[in-house]
Amino acid sequence: MGKQYKIAALPGEGIGLEVVTATLNILQQAAVKHNFQLQIDYGEIGQPAFEQHGTYLPEATVKICSSADGILFGAVSQGGLLELRQKFDFFVNLRPVKVFPSLINNSSLKSDRLTGVDILFVRELVSGIYFGASGREEDDRGSYGYHTMQYYDWQIERIAQVALSKAQARKGLLTVAHKENALPRLPWTKLVTKVASAYPDITIEPMLVDNLAMQLVINPQRFDVVLAGNLFGDILSDLGGALVGSVGLLGSASLNLAGFGLYEPIHGTAPDIAGTNKANPFGTLASAMMMLEQWGETKAVKDLQQIWNLILDRGYRTYDLYNHKSEIAIGTQELVKLFLQELS
């Protein structure tokens with residue numbers, strides 16, 4: 001009998017329910033083929049949890065997550081996700097962006113700008129403006145709101161350590177997103193350079209975030225690992241959806257110091273297509289493959305990636321990718337069936 005793993009499944013709402021269900025069906029078949037076992041425990045989060053329990057992240061869901069080996073997350077419209085990240089200190093967010101040859105024409109960029117694009121965004125996830133002091137106040141000039149971007153030096157240094165180790169295992173280039181001309185009290189360049197003294201083989205490239213956004217569109221091939229704070233990383237990594245052809249293709253892993261992780265696609269709830277069999281589960285599957293890789297199930301990951309490539313090479317496209325008559329448009333359930341056929 002192979003290893004046993006417990007997955008906390010948090011579909012959330014909207015297309016989250018469909019893409020998580022689709023991915024778990026594929027994972028269960030992969031587990032049979034590669035001799036490991038999965039136990040799936042479902043938890044509520046987001047608006048459905050609030051309507052049922054009066055909180056976006058019920059204690060019962062926290063308990064399910066605490067006893068799991070990994071969390072597979074769908075999507076929520078509001079509430080629950082930030083609390084979950086903070087509860088388990090998922091400070092590392094990894095978002096790989098890789099262009100597949102069969103989809104190179106799906107991007108709005110010219111194909112010669114995309115060949116070989118392989119970028120890893122490393123985003124700090126539990127601090128910054130999303131977690132700083134905020135509120136609504138009023139003074140003699142009127143009502144106003146505020147959010148505070150706060151980072152402790154140690155928070156920047158620990159995410160820098162992760163980004164540097166990732167760069168060391170890749171091409172050795174670390175681009176650091178910053179806005180120090182306007183935010184000089186957040187010295188990302190100085191602190192990352194300090195940590196980088198232990199990585200003399202890594203090239204550190206500080207870059208103003210606005211220029212970085214432009215360069216990602218002009219010349220994405222030049223980048224390897226991109227390190228960013230919570231706000232900038234959120235925005236920059238979403239550009240990856242434009243590079244590869246659809247945000248529905250992208251997955252992510254959020255890890256804490258112990259290596260325990262939350263795995264989620266980077267798309268939203270997409271209520272306009274929820275329940276229509278048009279959701280793209282590739283992003284959730286990509287996230288689940290990162291979970292398997294974290295567990296050491298590399299053979300299953302390789303197998304799933306080969307099937308992924310095979311399906312795309314044969315011209316099958318989910319509706320967000322379909323743009324040519326020579327392609328074969330398929331729904332969520334049809335894509336799952338293709339994976340299951342190849343895994344059987």
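The values are calculated or read from the model by the stated rules, or taken from the named source; none is laboratory data. Since the structure is predicted, the reported quantities are computational estimates derived from the model, not experimental observations. Cβ: placed from backbone, ideal geometry, glycine included. Neighbour counts: every protein chain shown. With ligands, DNA and RNA removed, areas are computed over all heavy atoms of the protein, side chains included. Shrake-Rupley method; radii C 1.70, N 1.55, O 1.52, S 1.80 Å.
Of all residues in region 144-163, those satisfying the criterion of being open to solvent by less than 80 Å² (accessible area, probe 1.4 Å) and either part of a loop (DSSP other than H, G, I, E, B) or more than 24 Å from K179 (Cα to Cα) (or both) are T148, M149, Y151.
Here is the figure for region 164-192: residues that are closer than 25 Å to I129 by Cα and in contact with a helix residue (DSSP H, G or I) (Cβ under 9 Å, 6 or more places away or on another chain) total 13.
For region 199-229, a residue qualifies if it is out of contact with any Leu (no Cβ under 6 Å at 6 or more places or on another chain), in a helix (DSSP H, G or I) and surrounded by 17 or more Cβ atoms within 10 Å (Cβ to Cβ), and the qualifying residues are V209, L212. Total residues in region 109-125 satisfying the condition of being touching a residue at least 60 places away in the same chain (Cβ under 8 Å) and either out of contact with any strand residue (DSSP E or B) (no Cβ under 6 Å at 6 or more places or on another chain) or small (G, A, S) (or both): the figure is 7. Restricting region 261-308 to residues that are over 22 Å from L321 (Cα atoms) and among the hydroxyl-bearing types (S, T, Y), the residue that is most open to solvent (accessible area, probe 1.4 Å) is T298.
Taken together, the residues in region 34-67 that are in a helix (DSSP H, G or I) and either in contact (Cβ under 8 Å) with a residue 40 or more places away in the chain or open to solvent by less than 30 Å² (accessible area, probe 1.4 Å) (or both) amount to 5.
When the residues of region 120-139 are narrowed to those that are small (G, A, S) and touching a Ser or Thr at 6+ places or on another chain (Cβ under 8 Å), which ends up surrounded by the most Cβ atoms within 10 Å (Cβ to Cβ)? Checking each candidate, the answer is G132. Residues that are within 30 Å of Q155 (Cα to Cα) and surrounded by fewer than 21 Cβ atoms within 10 Å (Cβ to Cβ) within region 91-119 comprise P96, K98, D118, listed in sequence order. Scanning region 1-33 for residues that are in a loop (DSSP other than H, G, I, E, B) and open to solvent by less than 50 Å² (accessible area, probe 1.4 Å) turns up G2, E13, G14, I15. Among the residues of region 230-240, the one identified as surrounded by fewer than 22 Cβ atoms within 10 Å (Cβ to Cβ) and either in a strand (DSSP E or B) or touching a Gly at 6+ places or on another chain (Cβ under 8 Å) (or both) is L231. Please verify whether G142 is at positive phi and in contact (Cβ under 8 Å) with a residue 40 or more places away in the chain, treating the condition exactly as stated. So G142 fails the test. A search for C-beta distances below 6 Å between a residue of region 312-324 that is part of a loop (DSSP other than H, G, I, E, B) and any residue that is open to solvent by 90 Å² or more (accessible area, probe 1.4 Å) and β-branched (V, I, T), counting only pairs 6+ apart in sequence or on different chains, returns nothing.
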